[in-house]
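The values are calculated or read from the model by the stated rules, or taken from the named source; none is laboratory data. Bear in mind that the values here come from a model prediction, so they are computed numbers and not experimental data. Heads up, the Cβs are rebuilt from the backbone with ideal geometry, glycines too, and the neighbour counts pull from every protein chain shown. Heavy atoms of the whole protein, side chains included, go into the accessibility calculation; ligands, DNA and RNA do not. Shrake-Rupley method; radii C 1.70, N 1.55, O 1.52, S 1.80 Å.
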Amino acid sequence: MTLRDLIDWTSRDAVRFFLISRKADTEFTFDVDLALKQNDENPVFYVQYAHARICSVIQQYVDKGGNAAGLEDADLSVLNAPTETALMQRLADYPEMLSSAAETLAPHDLTFYLRDVASAFHSYYAAERFLVDDDAVARARLALLSATRQVIRNALAVLGVSAPEKM
């Protein structure tokens, strides 16, 4: 089977993500069945779905009259739930992780990081409501989502993988 066959059968994003997810010196078996799944077992779907979900929540905020462009001045001190803290900690790791992955020629570290961020986001999504009546809390939560979206989008771009806004 050729690389073109794998891309045609699954997707360019899945092939790139799966190939980069392994150290260069390890044996690799491409799991086509996993690459075709559209659930949390498929790592590229899981990460892309986190991005799309965030885009959806931000669009809902805008549709309700919120200003997504004005979130950078939100007061994040109101964020104190364990899931919020965990997500913020994962986002804070991004610059150092990216530098380390580049220095050690370990792009697979970026795929592991993306899965961790997606997991932290999905836990946050399951635990909290974002479009709440308290404007300060809503703005802070949307600012955290916006930062998460940006980190996911940037990291996927480094890998050459798309960050869909809808799935």
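Before moving on, here are some points about what is shown:
- Residue in segment 23-31 that is part of a helix (DSSP H, G or I) and open to solvent by 20 Å² or more (accessible area, probe 1.4 Å) present: no
- Enumeration of residues in segment 63-81 that are closer than 11 Å to residue 141 by Cα, open to solvent by 70 Å² or more (accessible area, probe 1.4 Å) and either among the hydroxyl-bearing types (Ser, Thr, Tyr) or assigned to a loop (DSSP other than H, G, I, E, B) (or both): 75, 77, 80
- Residue 165 vs. criteria under 17 Å from residue 53 (Cβ atoms), of a type in the set (Asp, Glu) and surrounded by fewer than 18 Cβ atoms within 10 Å (Cβ to Cβ): yes
Let's see how each residue does on (1) farther than 30 Å from residue 16 by Cα; (2) touching a residue at least 60 places away in the same chain (Cβ under 8 Å); (3) touching a Lys or Arg at 6+ places or on another chain (Cβ under 8 Å):
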{"site": "65", "(1), (2), (3)": "yes, no, no"}
{"site": "81", "(1), (2), (3)": "yes, no, no"}
{"site": "87", "(1), (2), (3)": "no, yes, no"}
{"site": "121", "(1), (2), (3)": "no, yes, yes"}
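- Residue match in segment 132-144 (condition: over 14 Å from the mean Cα position of the chain (by Cα), on the phi > 0 side of the Ramachandran plot and modelled with pLDDT under 95): no
- Lone qualifier among 133, 116, 109 - being open to solvent by 70 Å² or more (accessible area, probe 1.4 Å) and either hydrophobic (A, V, I, L, M, F, W, C) or in a helix (DSSP H, G or I) (or both): 116
- When the test is whether a residue is within 16 Å of the chain's Cα centre (by Cα), open to solvent by less than 50 Å² (accessible area, probe 1.4 Å) and among the acidic types (Asp, Glu), residue 84 passes it.
- Of all residues in segment 140-162, those satisfying the criterion of being of a type in the set (Lys, Arg) and either surrounded by fewer than 19 Cβ atoms within 10 Å (Cβ to Cβ) or under 14 Å from residue 49 (Cβ atoms) (or both) are 149, 153.
- Counted residues, segment 25-37 - those being in contact (Cβ under 8 Å) with a residue 24 or more places away in the chain and of a type outside the set (Val, Ile, Thr): 3
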